[in-house]
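What follows is a single structure, written as structure tokens, with notes after it.
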Amino acid sequence: TFGQLAQIMSDCGYDAITQEDDRLGLPARARNVSKHTKNRNHLVATFWKREKFEPVYDVLIRTRSMTTVLRLKGGNESSPTLAVVNVHLEGNPNKSQERTHQLHYAMSDLARALQDDQSAIGKLNALVLTGDFNCELQSSASSLYMEMGRLGKQAGLGGVYGESCLVLPDLLLETNEATRILHPIMEWSKPLSEDKINVKPHPFRRNGMRSAYPKWLGRNDAAQHFTFCSELSKRPVPGLDQCWYSSSTLRRVGLRNMFVDDSGLWERYFFDDDEMQVRRDDERIKVLSTGLPDPECKHPSDHLPIGAVFNWIHSNECQESCVLD
């Protein structure tokens, strides 16, 4: 259960919260910002190092997302703040519009919190949005929406956000940027119809949201890099799980390998990098043959974990803020 996992992680120095958290003495107050408050079948959980971060605002709860704002400890109210948006987007392959709307709602919740004078957040110095996107990183409406900040002819252009955004003029319809956000957008190898990309621009476009994992991973051969492989179909899917970050304020300094041999640190003394890669390839081939979860339960989920390490771009931790468009 989550309670058991939270206790184990607490013993390791981590606080945590989830969308339906009935534990006593929660580290942060949770607040539903969605009309849908029935039991959720797609819970997400966020953990943070207790000695390093502290929550500074209500945790914003939606059916498919949870937003936590954390401040770096050891300073004052001007210490850097980080927002973590944890998502588990709509799983129906045909509901691309629902996925982009869920992303828009989650980021808009955060934008409203930043505009609230009573929020005590102050400046937001970084944003990380991560989770199960239920669509491919390489080509989907959701990944393009995260990167470009808008979709479709009515999405507008430039730094104006909301109903006052400018509709794309004819002169700009032939630009490289315009061609990426206009029809046709490919998802699951099929073009999306115009009515499937009706979503407002998201409020963090100007902050250069970038995928931690390169889009070319698994693009030509999904068997080489994937995050999902059903035990029924044995079909690997690349980039189903994604991690996006504000590249204007964060620098990606490390990525988790698809397979990490965990049989012991001593292997570093016995195997060089090439030998370790061979071992990872053997593990990958085994998973492709069995699907996930694997029979040995080394990988207990039908998804493989992803992970990234970030650092502040500015040497004095962070002087820039994730500001709204």
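The values are calculated or read from the model by the stated rules, or taken from the named source; none is laboratory data. Values in this document were obtained by computation on a predicted structure and should not be read as measured data. Note that each Cβ is placed from the backbone with ideal geometry, even for glycine, and that neighbours are counted across all protein chains shown. All accessible areas refer to the heavy atoms of the entire protein, side chains included, with ligands and DNA or RNA removed. Shrake-Rupley method; radii C 1.70, N 1.55, O 1.52, S 1.80 Å.
Observations
- Chymotrypsin sites (Phe, Trp or Tyr not before Pro) within segment 193-259: DSSP coil, no more than 15 neighbouring Cβ in 10 Å: TRP216
- For the pair segment 216-259 / segment 114-148, the C-alpha centres are spaced 18 Å from each other.
- Cα gyration tensor category, rounded, prolate or oblate, for segment 1-120 with a/c compared to 1.5: oblate
- Computed with the Debye formula from one identical point scatterer per Cα of segment 43-97, without solvent, the log10 of I(q)/I(0) at q = 0.14, 0.23, 0.25 Å⁻¹ comes to -0.46, -0.87, -0.97.
- Seen from LEU292, the other residues with C-beta closer than 14 Å to its C-beta sum to a net charge of -2, counting Lys and Arg as +1 and Asp and Glu as -1.
- With viscosity 1.306 mPa s and temperature 10 °C, the Kirkwood radius over alpha carbon pairs of segment 83-140 converts through Stokes-Einstein to a diffusion coefficient of 125 µm²/s.
- What segment 1-133 shows is 50 Å² of accessible area per residue, with the surface traced by a 1.4 Å probe over protein heavy atoms.
- Surface composition of segment 1-74: carbon and sulfur make up 48 percent of the accessible area, probe 1.4 Å.
- Contact order, relative form, for segment 6-72: 34 percent (alpha carbon pairs under 8 Å, 6 or more residues apart, mean separation divided by residue count).
- Measuring against 27 Å, Cα to Cα, the residue pairs LYS35/LYS200; LYS95/LYS200; LYS73/LYS123; LYS190/LYS298 contain LYS190/LYS298 as the ones spanning a longer distance.
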